[in-house]
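Notes to accompany the following structure.
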Amino acid sequence: MIKNYFLLALKVLKRKPFYTFVSLFGISFTLMILMVLTSLFDAILGNNKPLTDRDQLVIMPMIERTRTETDTILRIDTIAMQGGEMRYDTSYTYEDDIVSTSNGPIAYPFLEKHFTNLDGAVNYAFYNDNTHIDGYLEGRKFTLNSYYVTHTYWEIFDFNFRHGTEFYEADVESANQVVVITDKAAREYFGEVSEGVIGQEMVLGEKTFTVRGIVERPLSDSPMFAGDIYMPVTTTDPRELSSTEVYGGFGAVFLAKSPEGRQAIMDEINSFAENYQMPADSYHDAIEMFNSTFFEGYAMGLLGERDPKVATRTLFIPIIVLILLFVALPLINLVNLNNGRVQERRSEIGVRKAFGANSRDILLQFIFENLVLTAIGGVIGMALALGLISYVNQQDVLGITRLSSSPEVFLYFLLVVLMFGFLSGILPAYRMSRTNVANSLR
Amino acid sequence: MFRHLFTLMWNKRRANGMIFLEILLAFVVLFGVYTFISYNLERYRSPLGFNYEDTIGVRLDFQDDMDSLVVLETQKLIRRDLLAMPEVEDATFLGDVNPFGGSTWQTNSLINGQNISTQMMFVDEHFMETMEVDLIDGRWYTEEDKNAKYRPMVVNKEFKDRYYPNAASIIDTIMELGGEHQIIGVTSDFKYKSNFSENYPLTFYPQIDRLEDDDPFEMMILRMAPGQKAAAEEKIYNLLVNYTKNTDVVIWDMAKDRVKANRSIVIPMVILIVISGFLLINIALGLFGVLFTQISRRRAEIGLRKAMGASSGLVTTQFVLEVLIVAGAALLLGVFFAVQVPLLDLTPIPDKFFYWGIVAAIVTILVIVTVCSIVPSRQAAGLHPANVLHEE
């Protein structure tokens with residue numbers, strides 16, 4: 001039966017090449033776009049390594065310092081009276097006014113002192129992400145984005161180690177000059193990614209570091225792990241380690257027991273910031289610690305928006321609406337085409353019904369035919385998408401971000417293909433299955 | 001004739017529902033895409049105001065224990081040695097905010113009842129020549145301005161246009177903007193973040209404003225002889241490491257930074273254009289197919305009309321108008337929704353871009369619908385009544 005339907009479906013497709021072409025064009029293109037988008041979202045926001053615990057993280061990238069002064073506010077209200085006469089109301093009020101704000105990363109000693117034992121957090125990590133190291137190797141220039149991290153960084157972010165290991169608490173305590181590098185950095189500096197690189201030395205600035213491990217470069221370019229090389233926090237600039245200020249070069253990330261536990265950590269951070277007493281000699285008089293979940297942090301970073309809720313809304317709602325529209329249009333188009341196609345086969349349906357087929361059989365047949373069509377389109381779309389993904393990744397079109405082509409992406413893709421075929425087939429098939437035998441055989 | 005067609009279309013509203021919906025959605029998508037593109041192209045049109053070709057950026061790090069006089073002296077020596085290199089044509093020092101660097105420094109002040117908001121850049125007296133900035137009024141600051149009664153500042157054209165549109169000149173105006181300063185020059189249009197950034201009021205301050213916060217200029221922009229960018233890099237690097245006793249020296253290509261800074265707009269724009277281009281082709285082909293079947297099912301009607309004396313042109317007009325009525329109805333509904341966006345001020349984007357978006361979307365859709373309906377209609381109109389009526 002199925003085989004019959006299948007052969008019939010192919011015959012029908014061959015009979016009207018123009019319609020088949022138009023349908024396939026729409027289907028394959030739409031599915032390609034969907035697959036590339038899925039892959040992009042998976043790369044940026046998916047819980048791939050090193051973000052396996054994505055939904056348990058609270059990110060605290062910045063501190064904001066403010067100074068509030070009570071100021072005289074002069075307000076002049078102008079009222080245009082009837083007849084062109086103007087009236088002015090002048091008023092003075094005293095109001096608290098934030099006269100200066102300044103925000104940026106946080107000082108390491110400040111983090112060390114106040115954020116190592118939050119009640120809600122199972123683990124924490126601090127990282128400094130704002131340095132580049134330039135150098136020359138046999139006349140060839142290299143630029144490495146360097147991160148100074150605590151040993152707990154490797155516990156929170158489960159990087160995929162290709163060779164070697166991470167560095168441990170003892171390394172950080174005694175400021176050992178060891179470094180974990182990405183495969184990209186290894187290729188750039190040593191020209192190879194192999195076990196042999198482990199233990200070799202890298203001259204970075206005036207210091208020499210020993211390679212401890214090589215990790216796979218993450219797909220996403222999140223500022224939490226966009227580094228090429230990772231060094232123990234204690235090897236950073238001594239000025240940073242002895243700073244008595246609140247601002248510096250570090251960000252923090254906390255791990256909650258469960259996704260629900262994140263709110264408790266954020267509340268704890270906020271309450272700390274509210275009650276924090278700035279030193280008397282400081283120009284600023286209050287602080288606020290930015291904190292957010294992973295998704296909120298992503299939206300905030302991209303839009304430069306302060307409020308996590310607003311940022312998430314303004315980023316994700318338009319994207320979702322846009323994607324829905326982009327899917328809906330080809331879908332409607334396909335329904336239109338299918339309507340026409342099915343109409344032409346009225347007499348065939350009439351004959352089948354006259355010989356005893358019921359409406360359900362007809363419905364199934366048409367949906368099946370449509371699924372065959374979408375499946376073919378899906379295969380073409382997938383081929384196009386894979387080509388596009390590998391092109392994007394090879395050329396580094398998106399900067400650090402590379403598109404993923406993981407099994408999950410294929411699974412989503414399969415679901416989308418089935419949905420697409422089903423949705424675009426059901427309406428025309430339903431209409432047709434209810435055809436009156438007498439009318440269609442006339 | 002119109003009334004007749006309206007009735008005809010209304011009677012077939014169920015069959016036309018899908019086409020109506022398709023055109024409505026297509027309009028919404030196009031409206032959004034056109035608005036986004038026109039808004040960004042308008043921004044792109046406002047010039048950067050400086051020349052980034054053949055320039056490199058450099059970041060260095062002076063030791064913290066150097067006092068400001070030593071730093072100033074070192075800066076002079078560095079500049080002298082760099083200019084002595086044949087590859088380097090000019091050099092300027094600047095503060096934390098650099099072109100295409102992604103950071104912003106902004107200040108607000110209430111001046112004579114007017115809230116003045118300006119972006120700030122901290123640059124030295126060689127910035128104008130090195131970056132090839134045009135002045136439309138006044139002059140750039142020089143070494144001597146350090147001892148002037150008021151500290152100098154230079155503003156861009158947008159600053160004057162936005163806050164003092166009617167003044168003939170704002171040179172010598174003294175205002176309390178990031179400290180008391182005297183305006184001594186006005187540049188032509190100048191924006192530094194990216195080609196797509198807003199043309200925003202901007203003020204240039206000299207190094208002295210940063211020195212009191214112990215924050216000397218630790219960035220440079222060098223204008224290189226054409227084609228010499230890569231070759232001289234290592235020499236420059238070694239020279240700077242030597243002077244600062246510090247290997248924290250980073251050198252980058254300004255032209256590449258510009259591409260990177262533009263990327264956050266260019267990539268979404270290219271994606272949107274490609275996707276909507278394919279969507280349009282898709283819709284056009286689909287519409288073409290649907291109209292073809294619909295019209296060919298009405299062969300008898302066409303035959304009858306022609307037998308009664310209608311010309312081919314009249315038949316074509318009828319079919320095209322039929323489709324245009326459906327499209328027009330969909331567009332009307334779409335426009336009703338679309339105008340709400342500027343009317344309700346849902347976004348900070350100026351209203352005119354939304355109206356451009358609406359007009360452009362309407363034109364595009366009407367063109368596509370007309371083209372897609374003319375071809376099947378003309379073919380149908382060419383039928384010979386004798387043939388068609390005979391079949392029936």
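To the nearest ten degrees, helix A:308-343 and the longest principal axis of the Cα atoms of chain A are 10 degrees apart.
Taking max minus min of the alpha-carbon positions on each principal axis, chain A gives extents of 97, 89, 45 Å, largest first. Taken over the range A:108-289, the convex hull of the Cα atoms encloses 133 Å³ per residue.
The residue list A:Gly164, A:Gly340, A:Ala256 was ranked by how far each Cα lies along the charge dipole of the protein assembly as shown toward its positive end, using unit charges on Cβ atoms, and A:Gly340 comes out on top.
Please give me the summed charge of the neighbours of A:Ser91: other residues whose Cβ is under 10 Å from its Cβ, Lys and Arg +1, Asp and Glu -1. Value of the local net charge: -1.
For A:Lys207, a cut-off of 25 angstrom between C-alpha atoms picks up these lysines, skipping any fewer than 8 places away in its own chain: A:Lys141, A:Lys184, B:Lys235, B:Lys245. When chain A is treated as a Gaussian network with alpha carbon springs shorter than 10 Å, the biggest mean-square fluctuation among A:Gly196, A:Gly139, A:Gly104 belongs to A:Gly139. Expressed as a fraction of 2.2 N^0.38 Å, the C-alpha radius of gyration for the range B:158-266 is 1.40.
The alpha carbon radius of gyration of the range A:83-197, expressed as a multiple of 2.2 N^0.38 Å, is 1.88. Among the DSSP helices (H) of chain B, those spanning at least 15 angstrom by Cα along their long axis with an average Kyte-Doolittle hydropathy of -0.5 or more are B:13-45, B:68-84, B:233-244, B:254-296, B:312-343, B:351-381; this is a geometric and hydropathy rule only.
Label-to-label distance, B:Asn387 versus A:Leu10, with points set 7 angstrom from Cα along the beta-carbon direction: 3.4 nm. Placing dummy labels 7 Å off each Cα toward the beta-carbon, the span from A:Glu201 to A:Glu169 is 3.1 nm. A viscosity of 0.692 mPa s and a temperature of 37 °C, combined with the Kirkwood radius over C-alpha pairs in the Stokes-Einstein formula, give the range B:249-372 a diffusion coefficient of 177 µm²/s. Kirkwood hydrodynamic radius computed over the range B:61-248 comes to 17.6 Å, based on all pairs of distinct alpha carbons. Normalised Debye scattering of the range A:1-131 at q = 0.11, 0.21 Å⁻¹ gives log10 I(q)/I(0) of -0.79, -1.25, counting only Cα atoms as equal scatterers and leaving out solvent.
Our compactness index for chain B, the C-alpha radius of gyration over the empirical 2.2 N^0.38 Å, is 1.50.
Between amide H atoms placed 1.01 Å from N, distances below 5 Å from A:Arg162 occur with A:Ile214, A:Val215, A:Glu216, all of them 5 or more places distant or on a separate chain.
Taking amide hydrogens as placed 1.01 Å from N in the peptide plane, the amide H of A:Tyr247 sits under 5 Å from those of A:Ala107, each at least 5 positions away in sequence or on another chain. Angle check, please: helix A:17-45 long axis (alpha carbons) against the longest principal axis of chain A (alpha carbons), in degrees 0 to 90, nearest 10. Its long axis makes an angle of about 20 degrees.
To the nearest ten degrees, helix A:2-15 and the longest principal axis of the Cα atoms of chain A are 90 degrees apart. In this calculation the C-beta distance from A:Phe161 to A:Tyr136 is compared with R0 = 22 Å, giving a FRET efficiency of 0.15.
Qualifying GluC sites (Glu not before Pro) in the range A:169-238, where qualification requires a DSSP coil assignment and no more than 15 other C-beta atoms within 10 Å, comprise A:Glu192, A:Glu206, A:Glu216. Counting other Cβ atoms within 10 Å, keep those with at most 12, restrict to DSSP loop, and tell me which GluC sites (Glu not before Pro) in the range A:94-146 are left. The qualifying sites are A:Glu138. Once the Cβ-Cβ distance between B:Ile349 and A:Thr208 is put in as r, and R0 is 41 Å, what FRET efficiency do you end up with, to the nearest 0.05? Efficiency at R0 = 41 Å is approximately 0.20.
A Stokes-Einstein calculation at 20 °C with viscosity 1.002 mPa s, built on the Kirkwood radius of the range A:282-437 over Cα pairs, returns a diffusion coefficient of 108 µm²/s. The chymotrypsin sites (Phe, Trp or Tyr not before Pro) of the range A:316-361 that meet both conditions, a loop assignment by DSSP and at most 16 other Cβ atoms within 10 Å of the site Cβ, are A:Phe355. Measuring how big the protein assembly as shown is from its alpha-carbon positions, Rg and Dmax come out at 33.6, 105 Å.
Put a dot 7 Å past the Cα of A:Ser258, heading toward its Cβ, do the same for A:Gln82, and the two dots end up 6.9 nm apart. Here's how it looks for A:Leu403: its modeled amide H is under 5 Å from those of A:Asn393, which are all 5 or more places away or on a different chain.
Laboratory data are not the source of any read-out in this text; all were calculated from the coordinates shown. The shown structure was predicted, so the numbers you read here are calculated from the model rather than taken from an experiment. For neighbour counting, all protein chains shown are included, and Cβ atoms are generated from backbone atoms with ideal geometry for every residue, glycine included.
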